[in-house]
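Take a look at the structure set out below.
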Amino acid sequence: MSHTSQEIASQPVIWQRTLDALPRHAEALPQRGERVAVIGCGTSLFAGQAYAALREEAGHGVTDVYPASDCRLGRGYDRVLALTRSGTTTEVLTALGTRPAASAVTVVTGLAGSPATALADHAVVLSHADERSVVQTRFPTALLILLRAHLGLPVEQALADVRTAVAQPLPGAMTAAGQITFLGSGWTAGLANEAALKVREAAGHWTESYSAMEYRHGPIAVAREGRAVWSLSPVEPALAAQVRATGAMLREPRLDPLAELVLAQRVAVRLAELAGRDPDRPEHLTRSVILDFTD
């Protein structure tokens, strides 16, 4: 079994350990009423998109999310929340090194003593959720279950559903699909982006992701028999009928959205195996992007 598969399978235990650690991390995380900027790259950016939507929907305050390479931190934020598994990503370090002094910085990372933690006022270290794999799976879901609970949102159904997600048979239509489009709305739009990224990273497979109500504004043109649409949020009936009329297979969510993402992670690994690719060693990718600007 690949390291990636083992890390996916560990998520029920990892999520519970993460929730058990919330009391000691709560003061370091964004507080109600703060203006917050969330920064990250790749998977961490998409996790940030999900969290920003959740935080605003929960009424905790303005929450903007930026790619670390293109952030706007001089807009009067009380706190910068940097999400970075390795704590070594060049763009994150650059952003933290130039942020306004008035903003407190919290870093959520998988590695204690990393360069990012040295630039932070507070560090939330989820070392138990760190990974050997290049492709991130359990770290982003662990940080999202932590942040959901910190917002006071219920997580009991997610904890039950993730056990189903790691054990149930894979949806055969998805592993057979020549193309998959992931849809989401609200906070699940970020999860849809992350699900598509997993399939691209692990399997080199053709995937796209969109806000659900944007899908009919052009992207639906690629839907047809042999392809699939996987929504992480309930699908408006008229849109569901349009998707089915194309001949594409439509999967609507049956689990908590974060558990649906875990199922998508498993599909990504299976697609990689079917393509003869090693999910632990995806082409052209490294565990952390470290740039050299000296040339």
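The values are calculated or read from the model by the stated rules, or taken from the named source; none is laboratory data. Just so we're clear, the structure is a prediction, and the values are computed from it rather than from any experiment. Reconstructed Cβ throughout: ideal geometry from the backbone, glycine too, with neighbour counts over all protein chains shown. SASA here: full protein model, heavy atoms, side chains in, ligands and nucleic acids out. Shrake-Rupley method; radii C 1.70, N 1.55, O 1.52, S 1.80 Å.
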Quiz item: Filter segment 121-134 for residues that are of a type in the set (Gly, Ala, Ser) and over 29 Å from residue 59 (Cβ atoms); which is surrounded by the most Cβ atoms within 10 Å (Cβ to Cβ)?
Solution: 133
Quiz item: For segment 88-103, what are the residues that are open to solvent by 30 Å² or more (accessible area, probe 1.4 Å) and either closer than 18 Å to residue 48 by Cβ or of a type in the set (A, V, I, L, M, F, W, C) (or both)?
Solution: 88, 91, 93, 94, 99, 101, 102
Quiz item: Would a scan of segment 203-210 turn up a residue that is under 13 Å from the mean Cα position of the chain (by Cα) and either more than 16 Å from residue 228 (Cα to Cα) or surrounded by 23 or more Cβ atoms within 10 Å (Cβ to Cβ) (or both)?
Solution: yes
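Let's see how each residue does on (1) part of a strand (DSSP E or B); (2) at pLDDT 95 or above; (3) touching a Ser or Thr at 6+ places or on another chain (Cβ under 9 Å):
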{"position": "66", "(1), (2), (3)": "yes, yes, no"}
{"position": "77", "(1), (2), (3)": "no, yes, yes"}
{"position": "82", "(1), (2), (3)": "yes, yes, yes"}
{"position": "102", "(1), (2), (3)": "no, no, no"}
{"position": "107", "(1), (2), (3)": "yes, yes, yes"}
{"position": "160", "(1), (2), (3)": "no, yes, no"}
{"position": "163", "(1), (2), (3)": "no, yes, no"}
Quiz item: Residue check, residue 18 against (1) hydroxyl-bearing (Ser, Thr, Tyr); (2) more than 19 Å from residue 258 (Cβ to Cβ); (3) surrounded by 20 or more Cβ atoms within 10 Å (Cβ to Cβ), all met but one. Which one?
Solution: (2)
Quiz item: Hey, any hits in segment 191-201 for a residue that's surrounded by fewer than 24 Cβ atoms within 10 Å (Cβ to Cβ), in contact with a Lys or Arg (Cβ under 9 Å, 6 or more places away or on another chain) and not charged (D, E, K, R)?
Solution: no
Exercise. Starting from segment 130-153, keep only residues that are modelled with pLDDT of 95 or more and aromatic (Phe, Trp, Tyr), then list their pairs with residues that are in a helix (DSSP H, G or I) and open to solvent by less than 20 Å² (accessible area, probe 1.4 Å) whose Cβ atoms are within a distance under 7 Å, requiring at least 6 positions of separation or different chains.
Key: 139/129
Quiz item: Applying the selection to segment 172-186, what residues are open to solvent by 10 Å² or more (accessible area, probe 1.4 Å), closer than 24 Å to residue 9 by Cα and modelled with pLDDT of 95 or more?
Solution: 175, 176
Quiz item: Can you name the residue in segment 109-119 that is assigned to a helix (DSSP H, G or I) and touching a strand residue (DSSP E or B) at 6+ places or on another chain (Cβ under 7 Å) and is also surrounded by the most Cβ atoms within 10 Å (Cβ to Cβ) among such residues?
Solution: 116
Quiz item: How many residues does segment 224-270 contain that are open to solvent by 10 Å² or more (accessible area, probe 1.4 Å), out of contact with any Lys or Arg (no Cβ under 7 Å at 6 or more places or on another chain) and not in a helix (DSSP H, G or I)?
Solution: 13
Quiz item: Which residues, taken from segment 22-53, are on the phi < 0 side of the Ramachandran plot, out of contact with any strand residue (DSSP E or B) (no Cβ under 6 Å at 6 or more places or on another chain) and either in a strand (DSSP E or B) or surrounded by fewer than 17 Cβ atoms within 10 Å (Cβ to Cβ) (or both)?
Solution: 22, 23, 24, 26, 27, 31, 32, 35
Quiz item: Is at least one residue of segment 135-150 in contact with a helix residue (DSSP H, G or I) (Cβ under 6 Å, 6 or more places away or on another chain), more than 13 Å from residue 14 (Cβ to Cβ), in a loop (DSSP other than H, G, I, E, B) and open to solvent by less than 10 Å² (accessible area, probe 1.4 Å)?
Solution: yes
